[in-house]
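In what follows, a single structure is set out as structure tokens and then discussed.
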Amino acid sequence: SEEKYAAVFLTEQLAALMGAELDRYREKAVPAVILIPGISGNTGEGMRSISRSVEQAVGSDILK
């Protein structure tokens with residue numbers, strides 16, 4: 001079977017505006033939603049999102 005991968009990169013600011021719409025995609029494996037800082041700076045949400053994903057995958061937050 002052919003594997004399919006997808007990643008969507010969004011600024012942290014845009015993700016904050018998307019609310020529940022973005023939550024639909026966070027629960028799915030594809031696409032991977034990656035939050036990045038925008039031109040106005042880093043809110044820290046991107047790192048928190050990655051930490052949650054890692055913790056869900058391995059059972060503990062190994063990034064702290």
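The values are calculated or read from the model by the stated rules, or taken from the named source; none is laboratory data. Worth saying up front: this structure is predicted, and the values here are computed from it rather than measured. Cβ sites come from the backbone with ideal geometry, for glycine too, and all protein chains shown count toward neighbours. Accessible surface areas use protein heavy atoms only, side chains included; no ligands, DNA or RNA. Shrake-Rupley method; radii C 1.70, N 1.55, O 1.52, S 1.80 Å.
Assorted remarks:
- Scanning segment 6-47 for residues being under 17 Å from A57 (Cα atoms) and of a type in the set (F, W, Y) gives a total of 1.
- Criterion applied to G38, G46 was being of a type outside the set (S, T, Y) and in contact with a Ser or Thr (Cβ under 8 Å, 6 or more places away or on another chain), and the one residue passing it is G38.
- Those helices (runs of 4 or more DSSP H) of the chain in which 3 or more residues are out of contact with any Leu (no Cβ under 6 Å at 6 or more places or on another chain) and among the aliphatic types (A, V, I, L, M) occupy 12-18, 45-58.
- Hits in segment 39-50 - residues which are open to solvent by less than 70 Å² (accessible area, probe 1.4 Å) and either among the hydroxyl-bearing types (S, T, Y) or within 15 Å of M18 (Cα to Cα) (or both): E45, G46, S49
- The set of residues from segment 51-64 being free of Cβ contacts under 8 Å to residues at least 12 places away in the same chain and more than 20 Å from G19 (Cα to Cα) comprises V54, E55, Q56, A57, V58, G59, S60, D61, I62.
- Near pairs, Cβ below 9 angstrom, 6+ apart or cross-chain, from segment 5-33 (farther than 15 Å from G44 by Cα and among the small types (G, A, S)) to any residue that is part of a loop (DSSP other than H, G, I, E, B) and open to solvent by 80 Å² or more (accessible area, probe 1.4 Å): A32/Y5
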